[in-house]
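Here's the structure we're looking at; comments come further down.
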Amino acid sequence: MTSRTARKGSDGEWGQWLWVSLPGTSLDKEDILWLKSIRPGGVVLFAENGTRAVDVRGLVSSVREALAPSDVWIAIDQEGGRVARLKEGVPRVPTARELGDRGDPAEIFRSGMELGQALRKIGIDIDFAPVLDVDSNPGNPVIGDRSFSRDPYLAARFGMAFSRGLEAGGVVPCGKHYPGHGDTLLDSHLALPTVKAPLSTLQERELVPFEVAALEGIPMMMTAHVIYPALDNRWPATLSHAVLSGYLRKKWGYGGVLVSDDLSMAAVGHPYRFPVVVERALAASCDGLLVLKSRDKPLEAMEILQTLVSKNPASWQRRFERSRDRRERLGKLIARYRAAGDR
């Protein structure tokens with residue numbers, strides 16, 4: 001176990017702004033000590049945590065027990081098609097492209113609802129879905145059939161049908177990857193992509209589903225590690241005040257919870273120093289930072305948070321208070337779903 005220890009600020013544990021992952025299907029003593037040292041706001045499940053619902057249910061219970069009395073949100077990428085961590089015990093949802101090609105919003109809603117019901121029974125709070133990216137580039141190596149359509153308005157309509165289905169099933173949806181990953185030629189897990197489309201094209205294509213989602217009140221969104229020079233010619237969206245605070249928060253008035261994509265991905269991990277990544281993601285408007293597949297990085301992030309606050313306590317305290325307000329709204333939503341599941 002790392003020698004770093006968690007440190008607390010006056011407003012609670014720094015770990016509450018972090019989302020982490022675990023290495024296996026059960027918790028050993030080291031896992032428990034590590035979780036307790038961080039007390040993360042969220043835990044994200046992957047295939048290595050189990051592909052059967054019955055196994056994952058046990059892990060979720062163990063995580064909650066380890067972190068009690070603190071609450072923790074459990075999230076998963078269960079889109080359907082090729083991005084589905086769970087293989088047994090939940091409905092097998094077709095790819096978004098297949099659902100979109102069928103063109104039936106009612107069927108898409110039912111698919112989301114049935115999936116949400118199954119995830120809720122496992123104890124999962126949040127599904128990192130729907131994908132709201134427009135399938136605008138046939139050469140895209142990472143989106144493709146994860147998108148509902150090449151038509152931005154259909155991508156919005158079908159994506160929000162899936163989102164409402166998940167909510168009806170008792171799970172919080174998270175639209176991704178704002179402001180659009182569909183026109184990239186690189187996978188942001190491996191490199192930093194750039195979308196060179198002019199602003200007019202972005203407004204007519206990539207941004208449409210996210211604007212619709214924001215206006216319809218989707219409770220949660222995830223950022224993209226992609227540079228859009230028409231919006232910000234220096235920083236990828238996750239680290240861009242113009243893209244997150246400017247467009248999403250101010251122009252569209254989005255008040256939901258915004259989480260970063262994984263800050264350990266090469267798109268931001270290679271070009272930028274980690275302290276810069278953490279500071280800019282929070283300053284830009286992220287309420288939660290995904291720091292996955294690592295033991296040391298989340299602890300390092302807490303040290304960075306403490307340093308930031310100590311240098312400018314008033315400014316960062318205000319940012320944390322705004323983030324806390326949004327997190328509390330999402331927490332109430334999750335609590336309502338959990339209570340409904342107990343009846």
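The values are calculated or read from the model by the stated rules, or taken from the named source; none is laboratory data. Keep in mind that this is a model prediction, so the values were computed, not measured. Using ideal geometry, Cβ is built from the backbone for each residue, glycine included, and neighbour counts are taken over all protein chains shown.
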Restricting to segment 123-156, and then to whatever is under 11 Å from PRO209 (Cβ atoms) and under 17 Å from the mean Cα position of the chain (by Cα), can you tell me which residue is surrounded by the fewest Cβ atoms within 10 Å (Cβ to Cβ)? SER147
Only one of PHE158, PHE148 is in contact with a Leu (Cβ under 8 Å, 6 or more places away or on another chain), outside any loop (DSSP other than H, G, I, E, B) and modelled with pLDDT of 95 or more, namely PHE158
If only one of ARG338, ARG322 is surrounded by fewer than 16 Cβ atoms within 10 Å (Cβ to Cβ), in a helix (DSSP H, G or I) and in contact (Cβ under 8 Å) with a residue 60 or more places away in the chain, which one is it? ARG338
At pLDDT below 95 and in a loop (DSSP other than H, G, I, E, B): is that true of THR2 in this structure? yes
Hey, which of the helices (runs of 4 or more DSSP H) in segment 165-281, taking only ones fully inside, have at least 2 residues that are under 30 Å from LEU333 (Cα atoms)? 208-215
List pairs: first residue in segment 234-260 and touching a residue at least 60 places away in the same chain (Cβ under 8 Å) and over 16 Å from LEU289 (Cα atoms), second residue aromatic (Phe, Trp, Tyr) and assigned to a helix (DSSP H, G or I) anywhere in the structure, Cβ distance under 9 angstrom, at least six positions apart or on different chains. TYR247/PHE210; LEU248/PHE210
Cross-chain or 6+ apart pairs with Cβ under 6 Å, segment 264-276 first and without any contact (Cβ under 8 Å) to a residue 60 or more places away in the chain, then of a type in the set (Asp, Glu) and assigned to a loop (DSSP other than H, G, I, E, B): none
LEU115 vs. criteria surrounded by 21 or more Cβ atoms within 10 Å (Cβ to Cβ) and over 19 Å from TYR153 (Cβ atoms): yes
Among the residues of segment 275-289, is any more than 23 Å from PRO236 (Cβ to Cβ) and more than 18 Å from the chain's Cα centre (by Cα)? no
Need the failing condition index for PRO105 against (1) buried (at least 22 other Cβ atoms within 10 Å of the Cβ); (2) closer than 30 Å to ARG157 by Cβ, just the number. (1)
